[in-house]
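Scroll down for the structure; my scribbles are underneath it.
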C-alpha cells in the first residue's frame, strides 16, 4: 500500500513540488547516503519487529516509529525546499532531538509505566519537545492546515474550561495534558500510530516491492490488452489499471503520479479533453483507497478502532468499490460514445495472456494475502507473510533465470513453493531462512546482484513513502487524545443527533459537508479519524450501523480530494494533463457522481455493504436484499450517467436527460413508493430515448 497521503495547504503546483521529494530519489552526496541508510534502517526495524525477530513492547515500537519519521522528515524537507546550509544544519539538529526523544522513551519505558499520571519535570520537557517537533515536522511536510487543526484541539485541552457552556470542560493542568498526549496510548502513540507502525508500514513496503518488480506494467498491459481496442479504450484502461493498482497501492495521489503518467497522455492522444482525461485518472485513482483487498490506510485504522477483523471491513467495502469503478467505467464509455472516440488499433496493444505468462508470479503474494485476510489471520501476520513471499519471488525469479535448464527451473520453483507453504507449520523462521539463502545465492550471481539492489532500494523507497501517512497518524493522535480526555465529541454529536431527529438526511448531509471541508486541508486519515470520532457515535444513536457510519465518513474523506477548491488528486493530475486543476476537478466530480450517492444509499439500505439492518434485510433476508439494492443501484448509475453525459444509445435530448435523472433520483431516494416510481420512470426513459433516437436517425437518413 504505497500511501502518499498528503494535504493541501496552499494548493496548486507548489504543493505538489513540496511533496514530490518524499516520493522521489534521495539527494546526492553524503547527506543523501546518510538519509538512504536511515530509511533502510527504518524499514529493517519495522520488519524485524513485525516478524518478532526483535521483540519489543508496543509502546516502544510506536515511539521508535515516530522517532524515525521525524528523523527523516526534517532533512528531506530541507533538501526539498532547497534551504540554505544553515537551515539544513538546523534540520539535522531536529533529527538528533527526535532520536533523543525516542531513545528516552525506550530507555525509560519501565519507569514511565511506574510513574504514569505523575510525570517528572524531565518527562514534561521531553513531552513538550516531542509535540513541538511533531507540529514542526507536519507543518514542513504537509502544510499548515493539519498542525493548525491539531493545535486548536491541544489548546482546547489547556484552556477549554474558560469557554461558555456547553463547549467548556472541567479543566486539566499542563502536566496532565502533556502526559496524556506524549506518553501512553491515548495521544500521539494512540491507535493511528499503532496501526501505522504495524499494518500500514508493512503494506507500504509490500506495494513498493511489487511496483519495483513490475506490477504496474503487468496491470497496465492486462488492462490495455482487454479494453484498449474498445470504444473509449484509453479511458477504460485508466479506470481498470488504477483499480488494479488500488489493490496494492491504496493512495489516490500515488496512483495519479504513476499510472497517470501513461494513461493521461494516451487519453489525450485519442481525443479526450485534457480536463476529462485528468478527471478520469483522478477519480479512478482515488477509488484505490476503497478497493479490496488492501485498500487504504484508513481501512486498517477502521478495523482497529471498531475492534473488528479486517476481513469485515473488506466485506463492507467490496460491493461499493465495484460499483464505484463500474460507474467510472460507464461514464467514460458514454463520453466516448458521445464524442465518437474509437479504441486503439488492436495490433498496437500488448497481449494480456503474454503479460500474465511473463509476470504471473507477481500475483501470488496478492492471492496469499487475500486468503490469509479472509482466513482470520491478523493484517500484521498477513502483511508480514505477503511481504516475505514477495521478496522470495523477486529473488527466486533472479535465481531461476540463472539456472541452465527448464527442468532445473521447475525443480527450483517447486522447492521454493514447498518452503513458502511451510510457513503455516514452521512460521516466519522458514521464510526468513529461505530469504537469507536466496540473498546469499544472488550475491554471487550477475543478475542476482542487480536484484539485491532493487530490494534494497525498495526498502528505502517504502520508508520514505510512509512518511506522510505516518506523520499524519502521529499528529492526529492529538485530536483523538483530546476526545478521550475531554469528551469534546459529545457537543457536536448532540447537535447531529438533534438534527437527525428531524431529518436523517440532514444529519448525513452535515457529516458529508464536514468531511469535504476538512478534506480541503488535511489528508484522508485525519479527516476520517476526526469526523468519525465526532459523527460516528451520533449516527449510531440515530440507528445507523457503526461500520456503515465509518464507511460513510471514509468515502467522503476520499471524495474530498476530488472536490474544489483544493482537490489534491486533481492538482496532482494537472501537470501531467497540462490543464488547470479546477477544470480537472469539475470533470472528476462528473465521473465520480455515483460515488457521492452510494454512501447515502448504504445508510438507508445497509445490505449494499452486506450488513444487516434496514427493512429490506429484515423482510427479505440479507442475500436477497443485497441483490435487490445492487440491481437498483446499477440501474440508477446507468441512468444518472446518461443524464449527465447526454448520451445513451445516441445523443439525448434535454427532456430525455431530465426524465433519466428523475428516474435515477427516484431509485436512490429510499422513500415509500419511490422504488416503484423509479422503475416505471426508468423503463419510460429508456423507451422514450429508444424511440426518439430511432426517429432522429431516420430523419437524418432521409
Just a yes or no: is a residue in the stretch 641-655 outside the structural domain of residue 333 (by TED's automatic domain parsing), in a helix (DSSP H, G or I) and surrounded by fewer than 19 Cβ atoms within 10 Å (Cβ to Cβ)?
-> yes
Going through the stretch 62-88 in order, the residues found to be out of contact with any helix residue (DSSP H, G or I) (no Cβ under 9 Å at 6 or more places or on another chain) and either closer than 18 Å to residue 132 by Cβ or modelled with pLDDT of 90 or more (or both) are none
Just one of 137, 165, 132 is in a helix (DSSP H, G or I) and exposed (fewer than 15 other Cβ atoms within 10 Å of the Cβ); which is it?
-> 132
Could you count how many residues in the stretch 182-193 are part of a helix (DSSP H, G or I) and within 26 Å of the chain's Cα centre (by Cα)?
-> 3
Among the listed residues 38, 53, which satisfies the condition of being exposed (fewer than 14 other Cβ atoms within 10 Å of the Cβ), closer than 18 Å to residue 202 by Cα and touching a helix residue (DSSP H, G or I) at 6+ places or on another chain (Cβ under 9 Å)?
-> 53
What number of residues within the stretch 303-319 satisfy the criterion of being surrounded by fewer than 24 Cβ atoms within 10 Å (Cβ to Cβ) and in a helix (DSSP H, G or I)?
-> 10
Residue 628 versus (1) part of a helix (DSSP H, G or I); (2) farther than 28 Å from residue 553 by Cα; (3) within 36 Å of the chain's Cα centre (by Cα): which is the lone unmet condition?
-> (2)
Filter result for the condition that a residue is crowded, with 22+ Cβ neighbours inside 10 Å, more than 21 Å from residue 459 (Cα to Cα) and at pLDDT 85 or above, over 46, 105, 59 = 105
Considering only the stretch 161-185, state which residues are at positive phi and in contact (Cβ under 8 Å) with a residue 40 or more places away in the chain.
-> 184
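Residue by residue, here is whether (1) more than 24 Å from residue 420 (Cα to Cα); (2) modelled with pLDDT under 85 holds:
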residue: 431; (1), (2): no, yes
residue: 454; (1), (2): no, no
residue: 459; (1), (2): no, no
residue: 464; (1), (2): yes, no
Among the residues of the stretch 634-652, is any farther than 24 Å from residue 589 by Cβ and without any contact (Cβ under 8 Å) to a residue 12 or more places away in the chain?
-> no
Scanning the stretch 59-108 residue by residue, the ones that are under 25 Å from residue 185 (Cβ atoms) and not in a helix (DSSP H, G or I) total 1
Test result for residue 513, under 22 Å from residue 258 (Cα atoms) and either at pLDDT 85 or above or in a helix (DSSP H, G or I) (or both) | no
In the stretch 432-447, is there at least one residue being closer than 27 Å to residue 193 by Cβ, in contact with a helix residue (DSSP H, G or I) (Cβ under 9 Å, 6 or more places away or on another chain), in a helix (DSSP H, G or I) and touching a residue at least 12 places away in the same chain (Cβ under 8 Å)?
-> yes
If we take the stretch 545-621, then helices (runs of 4 or more DSSP H) inside it with 1 or more residues that are touching a residue at least 12 places away in the same chain (Cβ under 8 Å) and surrounded by 24 or more Cβ atoms within 10 Å (Cβ to Cβ) are 546-559, 568-577, 581-591, 593-604
Residue among 99, 79 that alone is under 18 Å from residue 60 (Cα atoms) and either surrounded by fewer than 21 Cβ atoms within 10 Å (Cβ to Cβ) or without any contact (Cβ under 8 Å) to a residue 24 or more places away in the chain (or both) | 99
From (1) in contact (Cβ under 8 Å) with a residue 40 or more places away in the chain; (2) closer than 27 Å to residue 222 by Cα; (3) surrounded by 15 or more Cβ atoms within 10 Å (Cβ to Cβ), pick out the condition that doesn't hold for residue 400.
-> (1)
Within the stretch 285-302, count every residue that is at pLDDT below 85 and in a helix (DSSP H, G or I).
-> 11
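The values are calculated or read from the model by the stated rules, or taken from the named source; none is laboratory data. Source: prediction; values computed, not measured. We place every Cβ from the backbone using ideal geometry, glycine too, and count neighbours over all the protein chains shown.
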